[in-house]
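Below is one structure, written out as structure tokens, with a few remarks after it.
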Amino acid sequence: MTTTRTATRRRTTLRIALAGVAIAGIGAAITTAVWTDDVFFSATATASSFDLQGSAASTGPWADLGVPGDDAVIAITAAGLTTLSPSASIDVPFYLCNVGTTAGTVTAITTPVIGDPLGSAAGAELTATVTTPVVGAALPSDPSCATPVAGTLHVETTAAFPSAAQGLTGAITFTVTGTSS
């Protein structure tokens with residue numbers, strides 16, 4: 001009888017083991033039958049821009065001249081600049097426009113330089129300053145240049161402006177620098 005009991009126990013143990021393997025196999029089959037899927041995302045990023053343009057008139061044409069390597073400048077004029085005389089005071093308008101997508105400010109304005117031969121004429125006391133805009137002035141984003149920032153170059157001669165300066169010319173140059181905010 002012990003042989004029958006031992007054989008029965010072995011069969012029962014074998015059945016339990018086979019049932020466990022069958023259950024594990026079914027579990028493994030269920031696990032491998034699961035689907036997987038991925039979802040991908042994308043976003044477009046665009047950097048802002050800051051592009052300072054200049055003009056002699058409030059309506060343009062607008063130009064981005066004087067960039068590094070380009071010696072071209074925007075010519076601004078006023079009737080009084082062609083007839084300088086003693087004790088003259090002339091305001092020459094110019095305009096700035098930021099056609100970029102982000103606002104900025106005026107960060108530097110160079111002191112205007114009066115070129116030769118007028119700039120070096122003996123006794124030709126002539127000064128030029130940019131009175132507006134000032135450093136720190138706002139340069140809003142204005143892609144259509146509908147509301148440009150007005151500037152003024154102020155040129156002045158003294159009462160002692162010499163007759164030796166008659167007929168001499170000299171370019172007055174300056175640079176306005178803007179930086180995005």
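Let me spell it out: the conditions are (1) modelled with pLDDT of 95 or more; (2) over 23 Å from residue 60 (Cβ atoms); (3) part of a strand (DSSP E or B), and residue 130 meets all of them except one. Which number is the exception?
Only one criterion is unmet by residue 130, namely (2).
Condition first: without any contact (Cβ under 8 Å) to a residue 24 or more places away in the chain and assigned to a loop (DSSP other than H, G, I, E, B). Now tell me which residues in segment 79-116 satisfy that.
Listed by number, the list holds a single entry, 83.
Kindly indicate whether any position in segment 155-163 is surrounded by 13 or more Cβ atoms within 10 Å (Cβ to Cβ), touching a strand residue (DSSP E or B) at 6+ places or on another chain (Cβ under 8 Å), at pLDDT 95 or above and part of a loop (DSSP other than H, G, I, E, B).
So far as segment 155-163 goes, no, none of its residues is surrounded by 13 or more Cβ atoms within 10 Å (Cβ to Cβ), touching a strand residue (DSSP E or B) at 6+ places or on another chain (Cβ under 8 Å), at pLDDT 95 or above and part of a loop (DSSP other than H, G, I, E, B).
Just the residues that are open to solvent by 50 Å² or more (accessible area, probe 1.4 Å), polar (S, T, N, Q) and at pLDDT 90 or above, please, taken from segment 86-122.
The answer is 87, 89, 101, 107, 110, 111.
Please find, among 112, 117, the residue that is within 19 Å of residue 73 (Cβ to Cβ) and in contact with a Phe, Trp or Tyr (Cβ under 6 Å, 6 or more places away or on another chain).
112 is the lone residue from the list that is within 19 Å of residue 73 (Cβ to Cβ) and in contact with a Phe, Trp or Tyr (Cβ under 6 Å, 6 or more places away or on another chain).
Between a residue in segment 144-160 that is in contact (Cβ under 8 Å) with a residue 60 or more places away in the chain and at positive phi and any residue that is part of a strand (DSSP E or B) and open to solvent by less than 40 Å² (accessible area, probe 1.4 Å), which pairs come within a Cβ distance under 9 Å, given they are 6 or more apart or on different chains?
145/53; 145/55; 145/97; 145/98
Do we find that residue 152 is modelled with pLDDT under 95 and either not in a loop (DSSP other than H, G, I, E, B) or not β-branched (Val, Ile, Thr) (or both) in this structure?
So residue 152 fails the test.
The values are calculated or read from the model by the stated rules, or taken from the named source; none is laboratory data. Keep in mind that this is a model prediction, so the values were computed, not measured. Note: ideal-geometry Cβ built from the backbone for every residue, glycine included; neighbour counts use all protein chains shown. Surface areas here come from the heavy atoms of the whole protein model, side chains and all, with no ligands, DNA or RNA. Shrake-Rupley method; radii C 1.70, N 1.55, O 1.52, S 1.80 Å.
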